[in-house]
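The values are calculated or read from the model by the stated rules, or taken from the named source; none is laboratory data. Source: prediction; values computed, not measured. In this analysis, Cβ positions are derived from the backbone assuming ideal geometry, glycine residues included, and neighbour counts consider all displayed protein chains. Just the protein is used for accessible areas: all its heavy atoms, side chains included, with ligands, DNA and RNA removed. Shrake-Rupley method; radii C 1.70, N 1.55, O 1.52, S 1.80 Å.
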Amino acid sequence: MAVPVQFLCRGIRTVGLVLLYYVFSIGITFYNKWLMKGFHYPLFMTLVHLTINFCLSALTRRAMQCWMGKPRIVLSWTDYVYKVAPTAFATALDIGLSNWSFLFITISLYTMTKSSAVLFILFFSLVFKLEEPNPFLILVVLLISSGLFMFTFKSTQFNLEGFVMVLLASFIGGIRWTLTQVLMQKAELGLQNPIDAMYHLQPLMFLGLFPLFLYNEGLSLSTSEKLFRVTELSPLLYSLFTLSIGGLLAFGLGFSEFLLVSRTSSLTLSISGIFKEVCTLLLATSLMGDRMNAVNWLGFAVCLSGISLHVGLKTYYSKNKGPSLRHLNTKSPELELPLLRQNGDKGDDSAADEDEEQEITLH
């Protein structure tokens, strides 16, 4: 009886962690769209979120240091500038453009277009030799590309400017997650823990996005009655409160993903991401009034089949210890992280635990 109880407890834990991930991931998507209806400064909003993330990650590092009694990693300026900066700038542009696009497009179009990030992650993974060429990858690319074309071809709420922004964000996201995996797998840097990675990335992300904010929103925001030219205190407090909610959601998303991956597996996160897309579109059509016809839904199904095939290929090659595919998360609106092991001697145990968790998730 002990074994069934143990599996039941693991199953309940997995479901709980997936639901927690859904709350933050879906929540921040709808929050961004809701906020952009009355607050047309997405880059400033992103800078506020980055500041909150940095403060929370610093507090979390301090708590972890007190709890474990060991100092956290602090990179030298040379490593920080030359090795962390490219990842930080790519991440800042990805998140900034994604938030910016909510001024123009619906949640359904954003969700569908953002799924194309898988294509760019595959491309840059091949360029950086994180994955080996495989004939099945051609089918993955064709399915996702054709699904995206079908979704946008007959869309009644299509906006070219917003679509280009999300597509560009997806392209930069391919660079971002490839560089993130390379960064976090460098043992000498010691950034395997996502909290440490977030702590080091946020300041450079802020600096990378700040010039674009000044150019596009600086003058307009400085003369806006939303913040700097308020005549009453209550609107200012309301704006600060709503902006702070987004920062908490962004940090909660990164932290929930870390918990889900560390307590289950990267496969669980990838599969959960697929169903999350379905939930997001269903909620967008029912709550936000997004309109989707039969061709749109068919295109979305084709795109998800390509993503599912990619996840299945990763699982197959992982179980057979093949070199063709390595762990690299492909689903990510804001902070997705690969399953990284800090100690090599725990590899076999981790793989066994991962297989067990995969059975729970899939069945």
- Note on the structure: Put Arg263, Arg176, Arg72 in order of accessible area, largest first, probe 1.4 Å, and you get Arg263, Arg72, Arg176
- Message: Considering all alpha-carbon pairs of the range 9-100, what whole percent are spaced by more than 17 angstrom?
- Response: 69 percent
- Residues in the range 82-108 that a label on Val182 would reach, taking backbone N under 19 Å of a point 7 Å out along Cα→Cβ: 82-95
- Task: Find the accessible area per residue for the range 1-130; the probe is 1.4 Å, ligands and nucleic acids are left out, and the unit is Å².
- Result: 47 Å²
- Query: Which sequence of Phe210, Phe136 reflects their accessible areas, 1.4 Å probe, from the largest down?
  - Reply: Phe136, Phe210
- Item | Kirkwood Rh and Cα Rg combined as Rg/Rh, the range 133-199 | 1.14
- Note on the structure: Row for the range 34-181, column shape: gyration tensor on C-alpha, a ≥ b ≥ c, rounded if a/c < 1.5 i.e. under 1.5, prolate if a/b over b/c, else oblate; value oblate
- Message: What would the Debye equation give as log₁₀ I(q)/I(0) for the range 58-111 at q = 0.28 Å⁻¹, counting only Cα atoms as equal point scatterers?
- Response: -1.00
- Item | the range 84-147: radius of gyration and largest Cα-Cα distance (Dmax), Å | 14.1, 39
- Task: For the range 218-250, state which chymotrypsin sites (Phe, Trp or Tyr not before Pro) are in a DSSP loop and have at most 13 other beta carbons lying within 10 Å of their beta carbon.
- Result: Phe228
- Item | For peptides 251-260, 31-40, 289-298, sequence by mean Cβ density within 10 Å, most packed first | 251-260, 31-40, 289-298
- If you project the alpha carbons of the range 187-304 onto their three principal axes, what span does each projection cover, largest first, in Å? 51, 49, 27
- Message: Stokes-Einstein diffusion coefficient for the range 149-234 at 10 °C in a medium of 1.306 mPa s, Rh from the Kirkwood formula over Cα pairs: what value in µm²/s?
- Response: 94 µm²/s
- Task: Express in Å², to the nearest 10, the accessible area of Ser272 obtained by rolling a 1.4 Å probe over the protein heavy atoms while all chains stay in place.
- Result: 10 Å²
- Message: Using 0.36 nm times the number of residues separating Arg72 and Phe158, minus their current alpha carbon distance, what extension gain do you get?
- Response: 26.3 nm
- Leu142 versus Tyr80: modelled label distance in nm, points set 7 Å from Cα along the beta carbon direction: 5.0 nm
